[in-house]
């Protein structure tokens, strides 16, 4: 199945306008200057500016007839700051986890409909270890991290996404049978963690568990990856429980709420918060 182009030309043009106004030399610009600088038709550019102005993303000075970035960007920046704070709070937990399990651990977030990205990592520094660079992107259908995001999104969103993407065969071990894949997601929804047995990269096994926000929505995952000889069928479930325990602690520290499928698991463990050093 070919990849669909999800980009919307009108939105791309609106974003071009915002980034144009971000530049130091263009922070206050007239309609003519913006349209000329971006090669846009003036009427189309005017419509874009008025739409952005309605959402307070662009401000218009009646006296100078110039446009600039609006105050709504401060709200967006505040949300990003809160997200970064979540990562900072979770980091000590994955550092401790890496030392306890002797495997590479990382935090991942969903950055688009079909992509997840490593946003923080903690490596156990042996001579030979698996390294996952911050910024690495992975398809949501590849590996334990993607399985967790799929398991805890709405059924309607999951069905639409999988219908569009399909189940891609990354390795001989990749699960491409729809019934088996759906069954695995159902297990994750009650067990709390996902397992990847050389399903995305041959020779590597992985684990992932969800961290939830105050609305019970998945915020990020705590994930782990190592060589199949190190993270193997004998220890993968015990380490999976450690990762899920760390994810529960981070969720509680952030004031998060667990979905109903995991509520019993959470209530079985006394509520306690691990000390956090930032």
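The values are calculated or read from the model by the stated rules, or taken from the named source; none is laboratory data. Treat the numbers as computed from the prediction; the structure is a model and nothing was measured. Cβ coordinates were reconstructed from backbone atoms using ideal geometry, including for glycine residues, and neighbour counts include every protein chain displayed.
Taking the condition assigned to a loop (DSSP other than H, G, I, E, B) and either closer than 23 Å to residue 136 by Cβ or assigned by TED's automatic domain parsing to the domain that holds residue 89 (or both), does residue 205 pass?
For residue 205, the condition - assigned to a loop (DSSP other than H, G, I, E, B) and either closer than 23 Å to residue 136 by Cβ or assigned by TED's automatic domain parsing to the domain that holds residue 89 (or both) - is not met.
Residues checked against (1) without any contact (Cβ under 8 Å) to a residue 12 or more places away in the chain; (2) part of a helix (DSSP H, G or I); (3) over 18 Å from the mean Cα position of the chain (by Cα):
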site	(1), (2), (3)
43	yes, yes, yes
77	yes, yes, no
96	no, yes, yes
109	no, no, no
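Among the listed residues 176, 168, identify the single one that is exposed (fewer than 15 other Cβ atoms within 10 Å of the Cβ), more than 18 Å from the chain's Cα centre (by Cα) and touching a residue at least 24 places away in the same chain (Cβ under 8 Å).
Checking each option against the conditions leaves just 168.
Would you tally the residues in the stretch 126-142 being over 17 Å from residue 228 (Cα atoms) and loosely packed, with under 11 Cβ neighbours inside 10 Å?
Residues in the stretch 126-142 being over 17 Å from residue 228 (Cα atoms) and loosely packed, with under 11 Cβ neighbours inside 10 Å: 2 in total.
Confirm whether residue 100 is in the same structural domain as residue 159 (by TED's automatic domain parsing) and either exposed (fewer than 14 other Cβ atoms within 10 Å of the Cβ) or out of contact with any strand residue (DSSP E or B) (no Cβ under 9 Å at 6 or more places or on another chain) (or both). Talk me through it step by step, then tell me what you get.
On the way: in the same structural domain as residue 159 (by TED's automatic domain parsing): yes; either exposed (fewer than 14 other Cβ atoms within 10 Å of the Cβ) or out of contact with any strand residue (DSSP E or B) (no Cβ under 9 Å at 6 or more places or on another chain) (or both): yes.
So residue 100 fits the description; yes.
Just give me the residues in the stretch 48-71 being out of contact with any helix residue (DSSP H, G or I) (no Cβ under 9 Å at 6 or more places or on another chain) and either in a helix (DSSP H, G or I) or in contact (Cβ under 8 Å) with a residue 60 or more places away in the chain (or both), in sequence order.
50, 53, 54, listed by residue number.
From the list 183, 206, pick out the single residue that is at pLDDT 95 or above and in contact with a helix residue (DSSP H, G or I) (Cβ under 6 Å, 6 or more places away or on another chain).
206
Out of the residues in the stretch 143-155 that are at pLDDT below 95 and assigned to a helix (DSSP H, G or I), which is surrounded by the fewest Cβ atoms within 10 Å (Cβ to Cβ)?
155
Can you tell me which of (1) farther than 21 Å from residue 88 by Cβ; (2) in contact (Cβ under 8 Å) with a residue 60 or more places away in the chain is the one residue 253 doesn't meet?
Failed condition: (1).
Can you tell which of 47, 35, 59, 54 is at pLDDT 90 or above, surrounded by fewer than 11 Cβ atoms within 10 Å (Cβ to Cβ), over 24 Å from the mean Cα position of the chain (by Cα) and not assigned by TED's automatic domain parsing to the domain that holds residue 254?
None of the other options fit; the residue is 54.
Filtering the stretch 64-74 down to residues that are more than 26 Å from residue 9 (Cβ to Cβ) and at pLDDT below 90, which residue is surrounded by the fewest Cβ atoms within 10 Å (Cβ to Cβ)?
Selected residue: 71.
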